[in-house]
Amino acid sequence: MPMPPPISLQELPVKVLFVSVEMSPLVKVGGLADVAGSLPKALRNRGLDVRVVLPLHRSVDRRRHELVRTVDTVRVSTPRGPLPAALWQGRAGGIPVYAVENAQMFDRSQVYGEPDDVHRWLFFCDAVLALLPHLDWRPDVVHLNDWHAAFIAARLRGDAARAPSTPALLYTIHNLALKGEFDRHFATQHHLSLHPPAGLEVSPELLCSGMAQGIARADLITTVSPTYAREILTPEYGAGLDPLLRQRASDLFGILNGIDDDEFNPATDPRLPAHFSADDLGPRQEVRRALQRHTGLGESAAPVVGVVNRLFWQKGADIAVDGIGRLLDAGAALQFVVLGTGDQVYHEQLRGLERRHSHAVKLYLEFNPDLAQLIYGGSDIFLMPSRYEPCGLGQMIAMRYGSVPVVRRTGGLADTVIDADEQPASGRGFVFAEPNGAALAAALQRAFAAYRDPPRWRAIQLNGMRADFSWKEPASRYADLYGMAVDRRAARSHL
């Protein structure tokens, strides 16, 4: 899956509509919001005209972001009759933003997890297409993010496809396992084509998801790390879509996500009690002590192991419980701090660990951005034992803040964390292969051995802190892909 040759911005003044159902700082549930808030900013810094469109969720603060209603009402067809949609415009972090309003679909207490999610996101996509003609701006590329936005590809490239002059489509897979599935009756009812594009041999049933529609119909496809791009071509990671993905492998590119250097900077982060950098690590000890005081675990020289994550099977929450439990049961000296929410089964497993080792384990089942930064800045080791991880941002943030990651070798974790035992000169963490507690415990023991060697530990920390995880290189690669997508679309329009 080679990258395309570079295209200069002078040759390609691209206008991009970035479609996402969440965007930081307007509304944030997961990593998609971080990407939607920072990649468009990096692309605009390169001279591209990138604008973001998202639903107007209940939690979006219209006043804070100075959103103004600019298109009062368009009627969007649905099987139950037309529904209204209005458009609000504003800016977030310097990025022009469009927000699609419909109270019935988007005025909800949560962004995801509603029983009618497939209906909601299909309506969102139809509303975006209905509202676009009312703008005095036309995108060259529409960048679709995950299955929620993929219905735009279904509309523009389905049986009733629009004119060849429609924009190029780039589709990004953030998590293949979340597919947005529907049945054939839903497809018929909503006029979604189950016929594959020319050149693809797949069954209609395989196209019964938003994810499959995006993969099958976009001009180009990306995912969020090179390793994940290779993994999803296999049955183990392909979520049943690997046959389709293998047929589109030449159009699939893995581009590692970045993090916002301005937001995640330990030298300026207002949520830290002290500031530090790779050139001055001393004040980090004050942050570490603040974390120990906050948790009530007390000041100790034992390594502080942190987790900031959603607590699900994918994230290896049970692997963390097993691995840490093995070490504590064996008498290891460590402190373990967990921040996150997820499935109740893992909440209970972690509560059990906390009860058994209350002197060493502190659990916070909540969403708390301030505490998250304290854990990044004050922990010695950052744990991500994911079963699969398309990219992962936590390990990058942790390294920027001097916390050494211990991760499983998968997806973006494999692309960003270099094992310090395998490559001593450039190592910036510790990596294990098997998804179980014994393998995690062994990797942590290797990390503890390095921790007991202060000069070596400092070198590992500095390797991570000085690594470039910014959006500069990913934005350049996306700009090149936009150019390729436009060229392909133009070539097809002349066939």
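So that you can scan it fast, the table gives a plain yes or no per residue for (1) farther than 22 Å from residue 17 by Cβ; (2) among the aliphatic types (A, V, I, L, M); (3) crowded, with 19+ Cβ neighbours inside 10 Å:
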| residue | (1), (2), (3) |
| --- | --- |
| 128 | no, yes, yes |
| 157 | no, no, yes |
| 166 | no, no, no |
| 195 | yes, no, no |
| 201 | yes, no, no |
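Evaluating residue 472 against the criteria (1) surrounded by fewer than 18 Cβ atoms within 10 Å (Cβ to Cβ); (2) closer than 20 Å to residue 226 by Cα; (3) touching a strand residue (DSSP E or B) at 6+ places or on another chain (Cβ under 9 Å); (4) not β-branched (Val, Ile, Thr) leaves one unmet condition, (3).
The residue of segment 139-175 that is farthest from residue 245 (Cα to Cα), among those that are modelled with pLDDT of 95 or more and charged (D, E, K, R), is 140. Hey, does segment 298-311 have a residue that's over 27 Å from the mean Cα position of the chain (by Cα), closer than 16 Å to residue 403 by Cβ and among the hydroxyl-bearing types (Ser, Thr, Tyr)? No: segment 298-311 contains no residue that is over 27 Å from the mean Cα position of the chain (by Cα), closer than 16 Å to residue 403 by Cβ and among the hydroxyl-bearing types (Ser, Thr, Tyr). For beta carbons closer than 6 Å, sequence separation of 6+ or different chains, a first residue in segment 394-413 that is closer than 24 Å to residue 253 by Cα and a second that is charged (D, E, K, R) and surrounded by 24 or more Cβ atoms within 10 Å (Cβ to Cβ), the qualifying pairs are 410/389; 411/389; 412/389; 413/389.
Filtering 328, 383, 371 for residues that are in contact (Cβ under 8 Å) with a residue 60 or more places away in the chain and either more than 29 Å from residue 228 (Cβ to Cβ) or crowded, with 24+ Cβ neighbours inside 10 Å (or both) leaves a single hit, 383.
Kindly indicate whether residue 145 is of a type in the set (S, T, N, Q) and either buried (at least 23 other Cβ atoms within 10 Å of the Cβ) or touching a Ser or Thr at 6+ places or on another chain (Cβ under 7 Å) (or both).
Details: of a type in the set (S, T, N, Q): yes; either buried (at least 23 other Cβ atoms within 10 Å of the Cβ) or touching a Ser or Thr at 6+ places or on another chain (Cβ under 7 Å) (or both): yes.
In short, yes.
Hey, can you tell me all the residues within segment 453-462 that are within 18 Å of residue 265 (Cβ to Cβ) and surrounded by 20 or more Cβ atoms within 10 Å (Cβ to Cβ)?
Taking segment 453-462 and keeping what is within 18 Å of residue 265 (Cβ to Cβ), we get 461-462.
Correct list: 461 only.
Candidates 38, 20, 24, 77: the one that is surrounded by fewer than 16 Cβ atoms within 10 Å (Cβ to Cβ) and among the hydroxyl-bearing types (Ser, Thr, Tyr) is 77.
Considering segment 4-98, the qualifying strands (runs of 3 or more DSSP E), each wholly inside and each with 3 or more residues that are under 27 Å from residue 222 (Cα atoms), run over 15-19, 49-55.
For segment 219-240, what are the residues that are over 20 Å from the mean Cα position of the chain (by Cα) and buried (at least 17 other Cβ atoms within 10 Å of the Cβ)? 219 - this is the single residue of segment 219-240 that is over 20 Å from the mean Cα position of the chain (by Cα) and buried (at least 17 other Cβ atoms within 10 Å of the Cβ). For segment 87-107, filtering for residues that are over 12 Å from residue 62 (Cβ atoms) and either more than 24 Å from the chain's Cα centre (by Cα) or aliphatic (A, V, I, L, M) (or both) leaves 7. In the condition set (1) surrounded by 18 or more Cβ atoms within 10 Å (Cβ to Cβ); (2) more than 18 Å from the chain's Cα centre (by Cα), residue 397 is compliant with all but (2).
The values are calculated or read from the model by the stated rules, or taken from the named source; none is laboratory data. Bear in mind that the values here come from a model prediction, so they are computed numbers and not experimental data. Glycine gets a Cβ as well: all are built from the backbone with ideal geometry, and neighbour counts include every protein chain shown.
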